[in-house]
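Following: one structure in structure tokens, then a few remarks.
The values are calculated or read from the model by the stated rules, or taken from the named source; none is laboratory data. Here the structure is a predicted model, which means the values were calculated and not measured. Cβ placement follows ideal geometry from the backbone for every residue including glycine, while neighbour counts extend to all protein chains displayed.
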Ligand code: NDP
């Protein structure tokens, strides 16, 4: 349980990457300012986080299951937090999707929106009433540079982050008069499992009905150059965790 004076921080998508590193960074804060509720949809994946948290696990860091695509899971998770009191919500969970639009089913596109857009909306709707009542709180959203600019072959992912940016910009104005802040973080490439998962999906991709020029451009030009950009410019999850800590301080 949080000590008085400690801020309760709930983070989504802590099984890997940026979410895991934010959870560990805040749980290991030298002044012990944060009581971290690290959530993930499958607690069987907790080992990496527990190992990285070390002594902080069970003290300043605890775990809860949470699937941001499920109304029931979101409600249960927030209800199991003492008094539903969350000072800082970090919406980090997200999925990517890469490839020519003709190769991607509407179902796959909906999964991206269900996670990256409605997942954030669900979480904000659930915590907002208590934050407004207490007239304090901070909601942080992990967007992307692709929430600011379209990028070829990332059409659906980009659209999901644009939608989230629009929602959050509008919400931020409404929340401000209740003294609730809403911040967005917009990282460029970051070395996490995100890229690996997208590349695995691309390896299984089929291209029926896609013109040969588009397939060639995607496979022979776009993919190699995007891997080069990741290698050259990729930040670490630690970089984003440090930035997130600054945003909430
Ligand atoms: P990872 O794939 O390493 O982490 C994504 C996390 O989101 C995982 O914990 C994953 O859980 C979780 N997640 C996915 N779907 C759900 C769901 N329905 N409910 C709860 N959790 C879910 O990627 P990153 O750490 O890189 O991504 C974190 C965020 O950063 C995302 O929002 C992403 O869009 C954003 N971002 C990433 C960039 C990058 O280059 N890596 C660049 C800019 C922004 P599980 O293990 O169960 O799949």
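Before moving on, here are some points about what is shown:
- Against the numbered list (1) more than 16 Å from the ligand (Cβ to nearest atom); (2) assigned to a helix (DSSP H, G or I), residue 44 comes up short only at (1).
- Filter result for the condition that a residue is surrounded by fewer than 19 Cβ atoms within 10 Å (Cβ to Cβ) and under 19 Å from residue 14 (Cα atoms), over 112, 121, 127, 140: 121
- Qualifying residues in segment 1-41 (those that are within 15 Å of the ligand (Cβ to nearest atom) and at positive phi) - the one surrounded by the fewest Cβ atoms within 10 Å (Cβ to Cβ): 17
- A Cβ distance below 9 Å, combined with a sequence gap of six or more or placement on separate chains, defines the contacts here; from segment 83-97, residues that are farther than 30 Å from residue 155 by Cβ and touching a residue at least 24 places away in the same chain (Cβ under 8 Å) reach residues that are part of a loop (DSSP other than H, G, I, E, B) and more than 16 Å from the ligand (Cβ to nearest atom) in the pairs 85/2; 87/2; 87/6; 87/136.
- The residue pairs whose first member lies in segment 62-80 and is within 14 Å of residue 124 (Cα to Cα), whose second member is in a helix (DSSP H, G or I) and more than 13 Å from the ligand (Cβ to nearest atom), and whose beta carbons are closer than 8 Å, counting only pairs six or more residues apart or on different chains, are 74/126; 75/126; 78/84; 78/126; 78/127.
- Criterion violated by residue 162 - all others in (1) in a strand (DSSP E or B); (2) within 13 Å of the ligand (Cβ to nearest atom); (3) over 13 Å from the mean Cα position of the chain (by Cα) satisfied: (1)
- Any chance residue 90 is surrounded by 19 or more Cβ atoms within 10 Å (Cβ to Cβ), within 13 Å of the ligand (Cβ to nearest atom) and modelled with pLDDT of 95 or more: yes
- Residue pairs meeting the criteria (Cβ under 6 Å; at least 6 apart or on separate chains; first in contact (Cβ under 8 Å) with a residue 60 or more places away in the chain, in segment 136-147; second more than 7 Å from the ligand (Cβ to nearest atom) and outside any helix (DSSP H, G or I)): 138/88; 138/181; 140/90; 140/183; 142/185
- Taking the conditions (1) out of contact with any strand residue (DSSP E or B) (no Cβ under 9 Å at 6 or more places or on another chain); (2) away from the ligand (no atom under 11 Å from the Cβ); (3) touching a residue at least 40 places away in the same chain (Cβ under 8 Å) in turn, residue 128 satisfies each one other than (1).
- Under the condition of being more than 19 Å from the chain's Cα centre (by Cα) and part of a strand (DSSP E or B), the residues counted in segment 47-61 number 1.
- The condition of being more than 18 Å from residue 193 (Cβ to Cβ), within 12 Å of the ligand (Cβ to nearest atom) and either out of contact with any strand residue (DSSP E or B) (no Cβ under 6 Å at 6 or more places or on another chain) or not in a loop (DSSP other than H, G, I, E, B) (or both) holds for residue 64.
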